1. With the requirement that a residue be within 16 Å of Gly147 (Cα to Cα) and either within 10 Å of the chain's Cα centre (by Cα) or free of Cβ contacts under 8 Å to residues at least 12 places away in the same chain (or both), what does the range 189-210 give you?
2. What residue, of Thr88, Thr127, Thr95, is within 17 Å of Gly49 (Cα to Cα) and either touching a residue at least 40 places away in the same chain (Cβ under 8 Å) or open to solvent by less than 30 Å² (accessible area, probe 1.4 Å) (or both)?
3. Would you check which residues across the range 330-359 are among the aliphatic types (A, V, I, L, M), in contact (Cβ under 8 Å) with a residue 40 or more places away in the chain, away from the ligand (no atom under 16 Å from the Cβ) and part of a loop (DSSP other than H, G, I, E, B) and list them?
4. Checking the structure you have, find out if any residue of the range 283-290 is within 22 Å of the chain's Cα centre (by Cα) and away from the ligand (no atom under 16 Å from the Cβ).
5. His386 - would you say it is in contact (Cβ under 8 Å) with a residue 24 or more places away in the chain and open to solvent by 40 Å² or more (accessible area, probe 1.4 Å)?
6. Within the range 188-207, does at least one residue satisfy the condition of being within 16 Å of the ligand (Cβ to nearest atom), in the same structural domain as Ala293 (by TED's automatic domain parsing) and over 21 Å from His317 (Cβ atoms)?
7. What are the residues in the range 186-197 that are in contact with a helix residue (DSSP H, G or I) (Cβ under 6 Å, 6 or more places away or on another chain) and assigned to a helix (DSSP H, G or I), if any?
8. Looking at Gly91, Gly104, Gly81, which is the one that is more than 18 Å from the chain's Cα centre (by Cα), modelled with pLDDT of 95 or more and small (Gly, Ala, Ser)?
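The values are calculated or read from the model by the stated rules, or taken from the named source; none is laboratory data. Keep in mind it's a predicted model, so treat the numbers as computed, not measured. In this analysis, Cβ positions are derived from the backbone assuming ideal geometry, glycine residues included, and neighbour counts consider all displayed protein chains. SASA here: full protein model, heavy atoms, side chains in, ligands and nucleic acids out. Shrake-Rupley method; radii C 1.70, N 1.55, O 1.52, S 1.80 Å.
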Amino acid sequence: MNLPAIGTAMMKGRIWPSELIAGLLLLGLGLVGWHFATPWIMPLRVTEGPFVQRCETQSLTLSWFTTRAADCTVEVATDAGPRMIKATRDGLRHTATIDGLAPGQTYQYSLKSGAITLPEVGGVAHTAPPSSSRTARFVVFGDSGHGYREQYLLAKRIDDAQPDFIVHTGDLIYPGGERVHYRDRFFVPYRAVLQRAPFWPSIGNHDHADISAYLEFFDLPRNGPADSKPERHYWFDWGAARFVIVDSNAKEPELTTAVAPWVESTFAGFEGDWRFVVFHHPPHTAGKYAPDAKMTKTLVPAMQRAGVDVVFNGHDHMYERTHPLIDGARDAAAGIVYIVSGAGGAKLYQPRDPTSLPSNYALRHHTAHSFTTVEISPDGLRATQHAVDGALLDEWTLPQRRARTASQPG
Ligand SMILES: [Fe+2]
């Protein structure tokens with residue numbers, strides 16, 4: 001019966017308004033009941049993840065969320081046979097740390113609840129290589145989480161690049177790091193690669209608007225400065241490379257007194273080949289924004305003293321690469337290369353002056369979404385920038401770390 005017919009019927013006294021309201025109420029109650037009952041009626045499903053966290057040489061952590069509260073286990077295939085690891089559960093969040101593994105090895109895993117293997121999740125994850133390993137391939141991108149078509153297309157390219165791990169330069173979720181957007185703007189597009197490649201995030205200004213979801217999802221090393229909040233700044237090693245991740249939303253006093261000294265001391269004892277730093281706000285950019293004065297003042301001197309090779313930033317929605325720089329001047333022998341890899345899926349920006357590029361910059365590309373792939377080997381570093389259509393936008397190399405001065409430990 002269509003609406004005019006209902007109206008006619010009501011006027012003729014066959015359907016009373018009270019009966020109609022009661023019917024609608026019943027329909028509404030039914031829909032609400034179905035919404036809440038579905039997770040318990042339908043088979044248990046994974047809604048977010050699994051994703052690899054805190055990957056170390058002998059352990060890795062898997063996290064995932066399910067449609068309802070239920071105990072889960074991870075089954076890992078090892079040389080000694082299958083191992084079952086019971087996950088800890090906090091509401092719908094599950095976490096399992098698998099230890100006792102061998103460095104640089106791959107492990108098949110699946111998720112179970114009771115005797116049931118959860119469908120369409122699991123795969124092969126790997127541990128970090130030993131410090132003697134001098135080869136790696138990783139992907140860097142940022143400013144991604146809008147859920148646009150380009151983000152999804154680029155995610156497929158990132159998966160195809162088969163990275164050992166991923167580093168993110170911040171702004172995972174627009175507009176404000178909201179939990180409700182994490183599924184469609186993070187877990188769904190990167191679903192395949194997150195199941196096998198560790199993901200190391202940094203905090204963008206948009207993620208910082210509501211940091212609670214970021215902290216809920218990510219399980220990060222608690223090895224930052226003693227006086228800072230945990231999981232904002234941290235570091236990790238991957239073979240002969242050390243990565244220091246900084247939250248550039250921190251206030252200047254914290255960056256000056258706690259973070260900068262910590263960056264120096266974290267690299268001081270490191271004897272590997274490569275030193276990388278990752279944070280959101282770029283000290284060098286010729287994009288839409290001005291270079292970040294706070295980071296230039298607080299972190300750049302410390303990174304120079306620490307002999308950092310490459311800094312990865314985001315925030316400006318484009319790709320930029322500087323020549324090796326010391327105090328803003330070109331220095332091929334000891335300079336830091338600054339990369340802005342901020343074209344990961346959000347709307348691209350126009351540079352302030354699109355007609356010219358300052359001489360400190362080797363390249364800028366702002367008309368295509370793109371991501372960075374870095375390969376390190378005993379021969380040096382090779383990096384490429386690929387666009388969402390597969391086009392090669394940039395390719396550059398850096399020789400294996402030049403001789404360090406007395407002020408550059410290691
Ligand atoms: Fe940003």
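1. Across the range 189-210, the qualifying residues are Tyr190, Arg191.
2. Thr95
3. Those that are among the aliphatic types (A, V, I, L, M), in contact (Cβ under 8 Å) with a residue 40 or more places away in the chain, away from the ligand (no atom under 16 Å from the Cβ) and part of a loop (DSSP other than H, G, I, E, B): Ala333, Ala334, Leu357.
4. No; the residues of the range 283-290 include none that is within 22 Å of the chain's Cα centre (by Cα) and away from the ligand (no atom under 16 Å from the Cβ).
5. yes
6. no
7. Result: Ala192, Val193.
8. Gly104
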